[in-house]
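Here's the structure we're looking at; comments come further down.
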Amino acid sequence: MLYSRALIPTVKEAPADASNASHTLLVRGGYIRKVGAGMYDFLPLGLRVLRKIESIVREEMDRAGAQEILMPALLPAEYFKETGRWDVYGDTLFRLKDRKGGEFHLGPTHEEIVTDIARREIKSWRDMPKNLYQIQTKFRDEPRPRGGLLRCREFIMKDAYSFDVNEDGARASYERMRDAYCAVFDRMGLTYRLVAADPGAIGGSTSAEFQVLADSGEDAIVACDNCDYAANVEIATVKVPAEGAGADEPLADRAKVHTPKVGSIEDVSAFLKLPKEKFLKSLVYVAGEQRGAGGAEPPGLVLAIVRGDHDVNEIRLARALGVDEVFMATDQDVEKATSAKTGFAGPVGFKGKVVVDRAASLVKNAATGANETDHHFTGVNRGRDWDGEVADIRLATNGDPCPNCATGKLKTYKGIEGGHIFILGTRYSAQMGATYSDEKQEKHPIVMGCYGIGVSRLVATAIEQNHDKDGIKWPTSIAPYHVQIVTVGADEQVTSTAKKLYDDLWAQGVEVLWDDRDERPGVKFKDADLLGLPWRVTIGAKALANGNVEVKPRTEADPKKAELVPVADAARVLAERVKSALTHPSK
RNA sequence: CUGGGCAUAGCUCAACCUGGUAGAGCACUCGCUUCGGGCGCGAGAGACGAAGGUUCGAAUCCUUCUGCCCAGACCA
């Protein structure tokens, strides 16, 4: 492609609404443009990246024995009504009516629709296993779209669905998809962790997320530094401590301390000169469904206690309480429940349910809020001064012992969810009557699995992991082009050398963008760094005088450092490097 | 949806508080000049989100609407 003929509208300034690297660089590099909140144009370069990712996904899905289909994005309401998700999905569903008043929606995911295919077309145990996938535009009216392509209302997803006769078969399908996903993420050159996850609203028994590691990620995960244990902190298990440190410490007397205007654990810890582990962090939660004003009963307030250096795992807290969800109480509720300003809650004398984490339950002579503004207690002991239901309700954190192996410690990472795989079981098939006949003509619901990859999200994710201050550093496998030729000046020899290299490279299957614009060299170099193609070839009179061109990988940080390659070898050398990078993606 | 904020040229911003008819940089057009890291000079074209109100007069004050951003619940 000739740059002068291409639409690559690069801009110098970061867009005002961009808050992360991938968003900024995609817009600055002319890859995407915003159309509305969570809706983007893919300009030519952006589409090329998207297509590259799609074909990697397609190849690995096909290799794993899945077959591609395409279901409509516009769907009649009846299917979601059949499983109840018409109501459950709430405002996230884009709903619309046709001219006759019939109810429709845009597909956020396609379990119901594919299950409908299955119940019509899969009748016998002989018909399975099957795996169907599609790469399609999905619509979700996200509460808050953000991060450019990271969270959109319209996005491209690969969703696959497996159909098996029993749990064992479903597990085999699940594992085949897991391996295919690993291949996809490996080929994209991404650093990721496969982590145990919460199946959440999709449902099912087993699920795992492919978390691409990135500091800008919104998901917290923990991984063992010794074994392969890794999990989203939401569900990470915590090794139960046998006893708290200083168990033989004599019980101190409880004392009330005046702690003016120091509400946070950090502040009080510094004020009282006590380590954070000696604190009982006390948080007021509202248990259960609270939304929808005018509920018959006031929501129940619960005090959750964790050690001062720990955080509450809200999913575990909800499970311990036997409710679907918990919410942080509002400041007003906290003040009502504790008769103190926020920051001074504590279990001593708290009127209401108290749930205490196992680690916190072992702290002796603890410090905690006194339920009185500007006051804390010290020397607080469970059993003597207060009590509560003991449960595992804290988040796993950096340095915790691994729950899976003897010696490992957990490390925390931030990640972006790039893929999620589930064993669904019979949740959809049973509800929708997708059954098959076994050898004895007995009917059973089909056992399903579902598997998603956020294709358009991965475009942004790859950048989050591969960029510097000057621009993108594409992994070769998903770069819009492999090589950018930058011609400096336009004398006849420069141009003819570039033309020949350009043709030779394309002839060898190397995708080339030739910056043939009548621009100053500085402009071209800046744009090349911004666009982030893996190799740059500079052709200018200087090196050409000695029969050379300059080759520089985008990963080389030093702008002046380039390798001199004889003109005659350039095409071959570059073709070899591109092929090698495609076969062995580096991380 | 809850809580904050924003909306002025293609982009990034100023003028608004204290009403008097809009200014810069980048980008764009033309000319000159220059050519190895977003050169330099000159000339030009180009904008107050929408509706209503107050006023002699509104980008500026008020109301409503729309859109967008940030923090939260959600998720590929």
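Just so it is clear, none of the values below were taken in a lab; they were calculated from the coordinates. Bear in mind that the values here come from a model prediction, so they are computed numbers and not experimental data. Note that we place each Cβ from the backbone using ideal geometry, even for glycine, and neighbour counts take in every protein chain shown.
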Could you list A:Phe42, A:Phe271 so that the one with the fewest beta carbons within 10 Å of its beta carbon is first and the one with the most is last? A:Phe271, A:Phe42
Normalised contact order of segment A:1-128, rounded percent, pairs of Cα under 8 Å and 6 or more residues apart: 14
Roughly speaking, what is the stretch gain from A:Asp392 to A:His258, that is 0.36 nm per residue apart minus the C-alpha to C-alpha distance, in nm to one decimal? 45.1 nm
Nitroxide proxy distance, nm - points 7 Å out along Cα→Cβ at A:Ser4 and A:Asp168: 6.8
Dipole magnitude of chain A, debye to nearest 20 (Cβ charges: Lys/Arg +1, Asp/Glu -1, about Cα centre): 780
Nearest-0.05 FRET efficiency for A:Thr237 and A:Glu266 at R0 = 22 Å, using Cβ-Cβ distance, is 0.20
Please express the shape of segment A:441-491 as an equivalent ellipsoid: the semi-axes are the square roots of 5 times the eigenvalues of the C-alpha gyration tensor, given largest first in whole angstrom. 46, 14, 6
What number, in nm² with one decimal, is the all-direction average of the projected area of the convex hull of the alpha-carbon atoms of chain A? 34.5
Projected label distance in nm at A:Ser586 and A:Lys336, using a 7 Å step from Cα toward the beta-carbon: 6.1
Out of A:Tyr89, A:Leu26, A:Ile305 - ranked by how far each Cα lies towards the positive end of the dipole of chain A, with unit charges on the beta-carbon of charged residues - the top one is A:Leu26
So the compactness index of segment A:46-134, its C-alpha Rg divided by 2.2 N^0.38 Å, takes the value 1.33
Neighbour counts of other C-beta atoms within 10 Å: give me A:Leu544, A:Leu533, A:Leu70 arranged from fewest to most. A:Leu70, A:Leu544, A:Leu533
Can you compute 3J(HN,Hα) from phi for each residue in segment A:150-158, using the Karplus curve 6.51 cos²θ - 1.76 cosθ + 1.60 with θ = phi - 60°, rounded to whole Hz and x for Gly and Pro? 5, 9, 10, 8, 10, 8, 9, 10, 9
Return the whole-Å distance between the Cα centroid of segment A:439-494 and the Cα centroid of segment A:524-571. 24
If a/c stays under 1.5 just call it rounded; otherwise compare a/b with b/c (prolate if a/b is bigger, oblate if not). Do that for segment A:112-187, with a ≥ b ≥ c from the square roots of the Cα gyration tensor eigenvalues. oblate
Given charges at Cβ of Lys, Arg, Asp, Glu: chain A dipole, positive-most of A:Ser437, A:Thr378, A:Gln508: A:Gln508
Measuring from centroid to centroid over Cα atoms, what is the spacing of segment A:352-390 and segment A:138-155 in Å? 42
Can you work out the base-10 log of I(q)/I(0) for segment A:482-587 at q = 0.10, 0.16, 0.23, 0.24 1/Å, using the Debye formula on its C-alpha atoms alone? -0.24, -0.64, -1.39, -1.51
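With a ≥ b ≥ c taken as the square roots of the eigenvalues of the C-alpha gyration tensor of segment A:377-475, please select rounded if a/c is under 1.5 and otherwise prolate if a/b is larger than b/c or oblate if it is not?
Oblate.
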Please compute the volume of the convex hull spanned by the alpha-carbon atoms of segment A:114-241 and report it per residue in Å³. 167
Set A:Lys12/A:Lys552; A:Lys341/A:Lys364; A:Lys256/A:Lys278; A:Lys239/A:Lys409, cut-off 19 Å on Cα-Cα distance; pairs above it are A:Lys12/A:Lys552; A:Lys341/A:Lys364
Which order do peptides A:50-57, A:321-328 fall in by mean Cβ count within 10 Å, highest first? A:50-57, A:321-328
Gyration tensor (alpha-carbon) shape descriptor, segment A:1-160, a/c threshold 1.5: oblate
Fewest to most neighbouring Cβ within 10 Å: what's the order for A:Phe80, A:Phe163, A:Phe94? A:Phe94, A:Phe80, A:Phe163
In segment A:139-180, if every C-alpha pair distance is counted and binned at 10 Å from zero, what percent goes to each bin? 24, 30, 24, 22, 1
Ranked by how many other beta carbons lie within 10 Å on average, peptides A:303-313, A:492-502 from highest: A:303-313, A:492-502
